[in-house]
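Enquirer: Can you read through this structure? Questions will come right after.
The values are calculated or read from the model by the stated rules, or taken from the named source; none is laboratory data. Keep in mind the model is a prediction, meaning the values are calculated, not measured. Methodologically, a virtual Cβ is constructed for each residue, glycine included, from the backbone with ideal geometry; neighbour enumeration extends over all protein chains shown. Accessible surface is based on the protein model in full, side chains and every heavy atom, while ligands, DNA and RNA are left aside. Shrake-Rupley method; radii C 1.70, N 1.55, O 1.52, S 1.80 Å.
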Amino acid sequence: MQALQVFCVICWILAVSHGSPWLLFANRRDIRLVDITQSKKSVSKVLISNLSDATAIDFYYEEGNIFWTDISLEMIKRAVITDNETRIDVITTGLVSPDGLACDWLGKKLYWTEAESNRIEVANFDGSSRKVLFWQDLDLPRAIALDPLRGYMYWSDWGEVSKIERAGMNGDLTTREVIINDNISWPNGISLDYAEQKLYWVDAKLSFIERANFDGTAREIVSDGKLPQPFALTLYGDTLYWTDWHQRAIYACDKRDGSNKRQVHANHYPMGIHAYMPERQPPGETPQSPPPRFSVATRRSSASCRLAVWSFSRRHFSNLAVYYLLGHQRNVWPSEKCLAGRQ
């Protein structure tokens, strides 16, 4: 019976994955998971409480790990989604303002931006093998996003010369390039659409959401002029989700034209945000070296064709944990044929 229940939960999650995601966000004093699949009102669950000032956040879905930066403690920490009490220190020294954080789910590494000392660094999940990748020509680096399938990282910089850059995840200087540097002021959150190879970002001063190809071409406005104080951004399916400091809320809109703008959750202090779904961390192999600049925007990696396929063999416990944490009581039972196929 227990195996059947687990499989029922997985089937239910597969159904939900075609609609709205769970949203994982830092709420300064805690970290929450929001279920926006509810038809009337979104429901949030505190996963990790009694924090000092959680800001940036990311996750490793396969093992249920949540990583976050704490600006007050000047640290990066980790916890497991099923254990609210145990917090593990990952990086405890050399941090002042770690504003951006990103998880390489293929290479099992953490990348972060440090706005005070103007650095981009990387380390293993346990904090070992720490390395500074870039420290020159940076001025207030903010958000960071990774594309391990193609070997690139992207980051925003809202210093004196605002811009968005990208480079190989191994820190190869020959791959570094500015891809957005005009009509941009305070580039805050960024997010990547792996299927369509699009980069999205919010501009807190210009109140825009924009997008472009991974190489910065084909730039277009998604939503303009009416975003009070957008901070972080995430994507799932055809929908963008972002946090807003001024409104103390989470909003959503269509990723292509900004239509159907709506508030999906409110009355908190939302900071970093991610769609906590397995599709956001698709399987693949990390490239041995960064691809050449000229081919990134046009070449489709074979891994991108497998975005809709992932293995649940090591992810069952994470799905099950989310199911019970949010207190779902839904009668979703697989057919006999479906069960037979899993035996």
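Enquirer: Among (1) crowded, with 20+ Cβ neighbours inside 10 Å; (2) under 26 Å from Val46 (Cα atoms), where does Val122 come up short?
Expert: (2)
Enquirer: Take Met277 and decide whether it is in contact with a strand residue (DSSP E or B) (Cβ under 9 Å, 6 or more places away or on another chain) and more than 21 Å from Arg211 (Cβ to Cβ).
Expert: It is false that Met277 is in contact with a strand residue (DSSP E or B) (Cβ under 9 Å, 6 or more places away or on another chain) and more than 21 Å from Arg211 (Cβ to Cβ).
Enquirer: Okay, next question. Can you tell me how many residues within region 73-99 are within 18 Å of Tyr276 (Cβ to Cβ) and open to solvent by less than 10 Å² (accessible area, probe 1.4 Å)?
Expert: Qualifying residue count, region 73-99: 2.
Enquirer: Going by the conditions given, is Val161 surrounded by fewer than 23 Cβ atoms within 10 Å (Cβ to Cβ), of a type in the set (Val, Ile, Thr) and outside any strand (DSSP E or B)? Break it down into steps so the answer makes sense when it comes.
Expert: Values: surrounded by fewer than 23 Cβ atoms within 10 Å (Cβ to Cβ): yes; of a type in the set (Val, Ile, Thr): yes; outside any strand (DSSP E or B): yes.
Taking the combined requirement at face value, the residue satisfies it.
Enquirer: I need the full set of residues from region 126-143 which are assigned to a loop (DSSP other than H, G, I, E, B) and either among the polar types (S, T, N, Q) or open to solvent by 30 Å² or more (accessible area, probe 1.4 Å) (or both), in order please.
Expert: Asp126, Ser128, Ser129, Arg130, Trp135, Gln136, Asp137, Asp139, Leu140
Enquirer: Sort through Arg176, Arg142 and tell me the only one that's over 19 Å from Phe67 (Cβ atoms) and either in contact with a strand residue (DSSP E or B) (Cβ under 7 Å, 6 or more places away or on another chain) or small (Gly, Ala, Ser) (or both).
Expert: Arg176
Enquirer: Glu196 fails exactly one of the following numbered conditions: (1) farther than 21 Å from Gln281 by Cβ; (2) at pLDDT 95 or above; (3) open to solvent by 50 Å² or more (accessible area, probe 1.4 Å). What is the number of that condition?
Expert: So the condition that Glu196 fails would be (1).
Enquirer: How many of the residues in region 226-254 are over 21 Å from Arg142 (Cβ atoms) and either in a loop (DSSP other than H, G, I, E, B) or of a type in the set (Val, Ile, Thr) (or both)?
Expert: Within region 226-254, residues that are over 21 Å from Arg142 (Cβ atoms) and either in a loop (DSSP other than H, G, I, E, B) or of a type in the set (Val, Ile, Thr) (or both) number 4.
Enquirer: Just one of Glu196, Glu210 is in a strand (DSSP E or B), over 16 Å from the mean Cα position of the chain (by Cα) and of a type in the set (Asp, Glu); which is it?
Expert: From the options Glu196, Glu210, the qualifying one is Glu210.
Enquirer: Could you list, in sequence order, the residues of region 54-86 that are of a type in the set (S, T, N, Q) and outside any loop (DSSP other than H, G, I, E, B)?
Expert: Thr55, Asn65, Thr69, listed by residue number.
Enquirer: Still on this model: Would you pick out the residues in region 224-256 that are touching a His at 6+ places or on another chain (Cβ under 7 Å) and open to solvent by 10 Å² or more (accessible area, probe 1.4 Å)?
Expert: Once the filter is applied, which keeps residues that are touching a His at 6+ places or on another chain (Cβ under 7 Å) and open to solvent by 10 Å² or more (accessible area, probe 1.4 Å), region 224-256 yields Pro228, Gln229, Arg248.
Enquirer: Please state which of the following conditions Ile221 fails to meet, knowing it meets all the rest: (1) at pLDDT below 95; (2) open to solvent by 30 Å² or more (accessible area, probe 1.4 Å).
Expert: Just one mismatch for Ile221, condition (1).
Enquirer: Identify all residues within region 81-111 that are within 22 Å of Tyr269 (Cα to Cα) and touching a Gly at 6+ places or on another chain (Cβ under 6 Å); write none if there are none.
Expert: Ile81
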